[in-house]
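Throughout, read-outs are computed from the coordinates displayed, never taken from laboratory work. This structure is a prediction, so every number in the text was calculated from the model and none was measured. No Cβ is skipped: glycine too gets one built from the backbone with ideal geometry, and neighbour counts run over all protein chains shown.
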Amino acid sequence: MASHQIQIHQAKRCDFYLRVRSTPIIEDSDGARFAPYCLKYEGIEKDLEEANLGEETGNWSNVDDSKWLRAVQSSNWSILPENERAGTVDMEEQSEGREMKNNGLEGSGQVWALG
C-alpha cells in the first residue's frame, strides 16, 4: 500500500508492503509483518510523485502499536525477513496474463496495493 497515512485494525498474521509518509499504526493486531513497498509498473514513479509519495521515508519500519505502552517494541508486529519477502511485483506482467510470483508464499496474507 502507498499512502500518506495507514492505520491497520485487527490484522492477524498478515504481511504489509508499505510506502507511507507518516508512521503506520496498528491496533488490535497480532503477527503483522512489514516490508518496503514492492509494486512496479510503467509510470509508477510519476504516480507516486503526483500523490506526494515520491520520497521513500523508510517509515514502513517505524510502526506504532496504539495499545502498546511499553518502552520496547510491540510484540504484535515485526520486520518481514528479507528471505521471506515477495520481491518486486510487476503489474505489467500481471496484465499480460502471467502468474504473479510471490516466492511460494501463496495464501500467506500478503497485501499488495496502490491506495
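Tabulated values for the structure
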{"quantity": "Signed unit charges on C-beta, dipole axis of the range 1-54, positive-most listed residue GLN5, PRO24, ILE44", "calculated": "PRO24"}
{"quantity": "Net +/- balance of residues flanking SER74 in space, Cβ distance below 14 Å, scoring K and R +1, D and E -1", "calculated": "-2"}
{"quantity": "Cα point-scatterer Debye curve for the range 1-73, base-10 log of I(q)/I(0) at q = 0.14, 0.19, 0.22 Å⁻¹", "calculated": "-0.45, -0.76, -0.95"}
{"quantity": "Two-site label geometry, GLN10 and ILE25: point separation in nm, points 7 Å out along Cα→Cβ", "calculated": "1.8"}
{"quantity": "Radius 15 Å from Cβ of ARG33, net charge of other residues (Lys, Arg +1; Asp, Glu -1)", "calculated": "-2"}
{"quantity": "Spin-label model distance (nm) - THR57 vs SER75, 7 Å beyond Cα toward Cβ", "calculated": "2.9"}
